[in-house]
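Here, each number is a calculation from the coordinates, and none is a lab measurement. Keep in mind that what you see is a predicted model, and the values were worked out from it rather than measured. Glycine also receives a Cβ, built like all others from the backbone with ideal geometry; neighbour counts cover every protein chain displayed.
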Amino acid sequence: MATSAVELRRALRRAERRSTLGGLALALPLTAFLVVFFLLPILGMLAKAVENSELAIAMPRSTEALRAWQGLGPPPEPVVAIVAAELKEAHARRQSAMVAQRLNREEAGWRNLILSTARRLPDGPQGSWLETLVAIDPAWGEPAIWAGLRRAARPWTDIFLLAAIDLHRDDHDAIVRVPPDQAIYLDVLLRTFWISALVTLFCLILGYPLAYLLATLPERWANPLLILVLLPFWTSLLVRTAAWIVLLQREGVINDLLVRLGLLAEPVALVFNRTGVLVAMTHVLMPFMVLPLYSVMRGIPLSLTRAALSLGATPFLAFRKVYLPLSMPGVAAGCLLVFILALGYYITPALVGGAADQMISYFVAFFTLQTANWGMAAALATLLLVATLLLYVVYARLVGIDRLRLG
Amino acid sequence: MRSTGTLAAAFAAALLTAALPAAARDLTITSWGGAYQNAQRELYFAPFQKETGIKLVEDTWDGGIGVLRTKAQGTPVWDVVQVETDELVLGCEEGILEPLDWQALGGKDKFLPAAVHECGVGAIVWATILAYDGNKFPTGGPASWADFFDTRKFPGKRALRKGPRQALEFATMAQGVPPAEVYEALRAPGGIDKAFAKLDSIKKDLIFWEAGAQPPQLLASGEVAMTSAYNGRITAANRQDKRNFKIAWNAGFVYQIDSWVILKNSPKKAEAFELVRYLTRPENQAKLPAIIPYGPTRVDAGELVPAEFAADIPSSPQNLPHGVFFDASFWVENVEKLTERFNAWAAQK
């Protein structure tokens with residue numbers, strides 16, 4: 001009797017374990033896919049934010065010598081000799097431009113210093129190597145360029161991460177704020193969150209009644225309406241955004257209409273500014289608010305509100321005390337979805353916004369495509385990722401993650 | 001079992017189609033799009049394919065050394081690209097461009113000196129100019145860059161190309177500096193600060209464009225009263241869309257030479273070089289101004305351009321004295337810092 005009970009329990013446990021393993025095995029392809037195509041590229045991208053490999057690749061011996069050397073001002077002759085010889089070699093391999101590019105990030109003008117020096121370096125020193133370098137350009141006699149080279153020789157760098165939060169290192173290697181006329185990214189980050197919050201709010205204000213309507217109408221009417229909500233999903237984002245330019249521009253449909261109706265004396269600027277960004281983004285992201293709301297509202301029995309009304313509640317009280325709390329999981333999910341999606345928006349603000357309405361993704365794209373400064377792009381992406389995760393944690397604490405329902 | 005087989009077959013097919021274009025890619029040329037590339041297609045790309053039987057596919061871009069670097073990685077996906085001067089200089093230094101055989105192109109002495117480079121040959125002479133809609137200013141439009149910055153005299157929004165290039169030159173001209181001395185003024189201590197201060201003075205009325213096709217659209221839609229623009233786009237809009245856009249040549253302009261380059265390790269190097277030679281033949285270069293007014297870079301092509309089109313070309317005798325040649329060395333050195341500063345300035349309210 002006792003043995004069979006034990007055996008039964010054991011068999012039961014074995015079966016459970018098998019089904020768990022089976023479940024895990026089924027999820028394995030997806031997990032592998034996520035790791036290979038999602039997690040690893042993200043980690044690789046983040047690593048770019050601190051990567052400092054240009055000098056190590058183009059001038060490996062100098063890198064080692066510079067790492068070993070401590071002190072200020074021009075280094076001792078053996079180190080200078082290695083740097084000079086290797087700079088000449090790197091130039092012959094067409095790698096001096098890479099070094100020049102890296103040094104120009106420390107100080108504008110060093111690009112030219114490196115390249116013109118590389119071009120004019122003789123085969124052997126005239127006097128000492130340091131004298132030879134100083135004869136080509138007196139800047140080689142200053143401590144600054146050697147400090148810059150030493151920073152470029154470190155295994156990793158913090159200039160991009162610091163720059164992403166408007167900080168930099170001064171001549172004494174201390175971390176200080178950049179001058180106010182060059183500070184930009186903290187502002188841009190705040191702006192990114194502010195625009196996303198406003199868009200989320202507008203989506204909620206406009207989407208809530210719409211979702212309510214969809215959830216309470218008979219299906220015969222609700223389905224075609226739902227298709228209208230989904231329609232923007234199936235249209236290209238670019239087309240929708242371009243359409244807003246046509247509608248909102250100075251001599252566009254909306255301005256024309258308002259002027260003709262006499263509501264405006266003169267066309268107003270609706271596009272290439274914040275207004276355009278908010279209008280277009282709210283429109284583009286609306287389905288992501290309506291769908292979670294709709295799916296939650298479909299599950300709320302209307303009889304509950306009716307019961308509240310029959311017990312003497314005013315319609316407003318019945319909504320506030322009964323319907324609204326029941327629909328909160330949808331609100332929470334819709335808001336989170338819209339907000340997170342809005343944070344990464346790039347094309348829409350780029351097309352309908354002005355220069356002061358660009359969000360952080362714009363600068364990520366700018367550094368990736370225009371200047372190929374991947375370090376800066378990665379640092380800004382890291383900043384956005386960290387800020388978003390922090391915000392998500394706060395949100396989850398406030399709302400309760402188990403209350404989210406995505407559909 | 002059957003479904004596994006189908007899946008495997010589908011997978012193999014997907015792999016194959018993904019691999020094929022890389023292996024057997026057609027000769028690819030990349031230019032600036034819009035009215036300009038339409039003209040190039042009609043004048044050069046289509047006749048080239050007919051004459052040589054080499055299939056040619058097109059792509060477009062908006063410039064940027066970063067884009068060029070990405071495209072040149074491994075086996076490049078582009079072969080022939082039209083680039084601006086700074087991309088030519090940087091790309092050549094970094095070794096992502098093929099050196100050209102100048103003997104086969106007809107010799108360096110056949111070209112304007114500025115059109116000759118180790119890795120690139122001049123395609124066109126073009127200019128960034130001040131443009132406005134003549135219909136909006138019946139009593140006379142802006143005649144100088146000082147007018148561009150004077151929103152009291154000429155109300156309305158203005159547009160400039162996003163980024164510091166040309167914007168700083170124009171802001172310097174607006175302070176009364178003659179075009180020929182602009183770079184001297186920018187290199188002088190405080191010169192850049194003064195230019196930024198000038199830009200700042202009309203900041204609330206400024207919007208920025210990125211693609212060359214945008215300025216004519218901004219003028220046509222009435223979004224801006226005046227804008228900087230590539231001269232060819234403005235004349236093209238006048239000719240094709242019957243617009244009355246005006247170019248204030250006398251206000252001063254910055255002219256540049258665009259070059260044809262071949263990306264390093266192009267799998268179609270021989271064909272690419274044949275294409276570049278075709279594009280720079282004098283009789284071919286001389287055809288462009290009739291459609292879009294960018295000047296030829298060959299001396300012998302300049303003589304073939306009909307006189308009626310010369311007035312719209314930056315390099316014509318009546319226009320050239322008002323222009324300044326784009327100083328590539330100034331910009332290669334400073335573009336990164338100045339772009340950062342420009343971005344920071346533009347992003348602040």
Helix-only [θ] at 222 nm, chain B, -39500 (n - 2.57) per DSSP H run of 4+, per residue, nearest 500, equals -11500 deg cm²/dmol
nm² value of the averaged projected area, convex hull over the Cα atoms of the stretch B:250-329: 6.7 nm²
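Quick one, can you get me the convex hull of the C-alpha atoms of chain B expressed as volume per residue in Å³? The partial results should precede the final answer.
Values: hull volume 61.3 nm³, N = 349.
Taking only Cα atoms, chain B has a hull volume of 176 Å³ per residue.
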Please state, to two decimals, what the Cα-based radius of gyration of the protein assembly as shown comes to when divided by 2.2 N^0.38 Å (N = residues). 1.13
Which whole-number percent is the relative contact order of the stretch A:185-403 (Cα, under 8 Å, 6+ apart)? 27 percent
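Over the stretch A:54-155, what is the relative contact order in percent, taking alpha-carbon pairs closer than 8 angstrom and at least six residues apart? Don't skip to the answer; put the middle values down first.
On the way: 120 pairs, mean separation 37.7, N = 102.
Reported relative contact order: 37 percent.
As a test of the definition: which semi-axes, in Å, follow for the stretch B:138-266 when you take the square root of five times each eigenvalue of its alpha carbon gyration tensor? Largest first, please. Could you put the intermediate results ahead of the total?
Working: eigenvalues 107, 103, 37 Å².
Whole-Å semi-axes of the equivalent ellipsoid: 23, 23, 14.
Evaluate 2.2 N^0.38 Å with N set to the residue count of the stretch A:192-270, then give the Cα radius of gyration divided by it.
Values: Rg = 16.5 Å, N = 79, 2.2 N^0.38 = 11.6 Å.
Relative to the 2.2 N^0.38 Å estimate, the stretch A:192-270 comes out at 1.43.
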Return the Cα extents of the stretch A:54-155 along principal axes one, two and three, sorted largest first, each rounded to a whole Å. 32, 30, 24
Using DSSP to call loops (not H, G, I, E or B), can you name the trypsin sites (Lys or Arg not before Pro) in the stretch A:1-102 whose Cβ has at most 15 other Cβ atoms within 10 angstrom? A:ARG93, A:ARG94
Inter-chain shielding metric for B:332-342, i.e. average beta-carbon neighbours from other chains within 10 angstrom, reads 5
Output for the stretch B:243-342: GluC sites (Glu not before Pro) sitting in coil per DSSP, at most 15 other Cβ within 10 Å, listed by number, reads B:GLU303
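By counting other Cβ atoms within 10 Å of each Cβ, how are B:LEU279, A:LEU341 ranked from fewest to most?
Going from sparsest to densest Cβ surroundings: A:LEU341, B:LEU279.
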Project the alpha carbons of the stretch A:1-122 onto their principal axes and report the range along each, largest first, in whole Å. 95, 28, 24
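According to the square roots a ≥ b ≥ c of the eigenvalues of the Cα gyration tensor, what is the shape class of the stretch B:57-214, taking rounded for a/c under 1.5, prolate for a/b larger than b/c otherwise, and oblate for the remainder? Mind showing how you got there, number by number?
On the way: a/c = 2.08, a/b = 1.92, b/c = 1.09.
It is prolate, given that a/c is not under 1.5 and a/b is the larger ratio.
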Is the shape of the stretch A:1-48 rounded, prolate or oblate, going by the alpha carbon gyration tensor and its root eigenvalues a ≥ b ≥ c, with a/c under 1.5 for rounded and a/b larger than b/c for prolate? prolate
Restricting to Cα pairs under 8 Å and 6 or more apart, the percent relative contact order of chain B works out to 26 percent
Take A:VAL229, A:VAL393 and order them by how many other Cβ atoms sit within 10 Å, fewest up front. A:VAL393, A:VAL229
Given C-alpha coordinates of the stretch A:290-407, what is the ratio Rg to Rh with the Kirkwood estimate of Rh? 1.19
Cα extents of chain A per principal axis, largest first, Å, are 102, 93, 34
Rounded to a whole number, the mean other protein chain Cβ count within 10 angstrom for residues of A:363-374 is 5
Cα-based Kirkwood hydrodynamic radius, the stretch A:185-403, one decimal, Å: 19.5 Å
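Where does each of A:GLU16, A:GLU89 land when they are ranked from fewest to most other beta-carbon atoms within 10 angstrom? Let's see the in-between values first.
On the way: A:GLU16 10, A:GLU89 17.
Least to most surrounded, the residues fall as A:GLU16, A:GLU89.
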Overall dimensions of the stretch B:207-306 as given by Cα atoms, namely Rg and Dmax in Å: 16.7, 48
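A 23 angstrom limit on the alpha carbon distance is what I want to check against. Which of B:LYS162/B:LYS287; B:LYS136/B:LYS242; B:LYS162/B:LYS264; B:LYS194/B:LYS337; A:LYS88/B:LYS71 exceed it?
B:LYS162/B:LYS287; B:LYS162/B:LYS264; A:LYS88/B:LYS71
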Selection of trypsin sites (Lys or Arg not before Pro), the stretch B:229-311, meeting DSSP coil and at most 14 other Cβ within 10 Å: B:LYS242
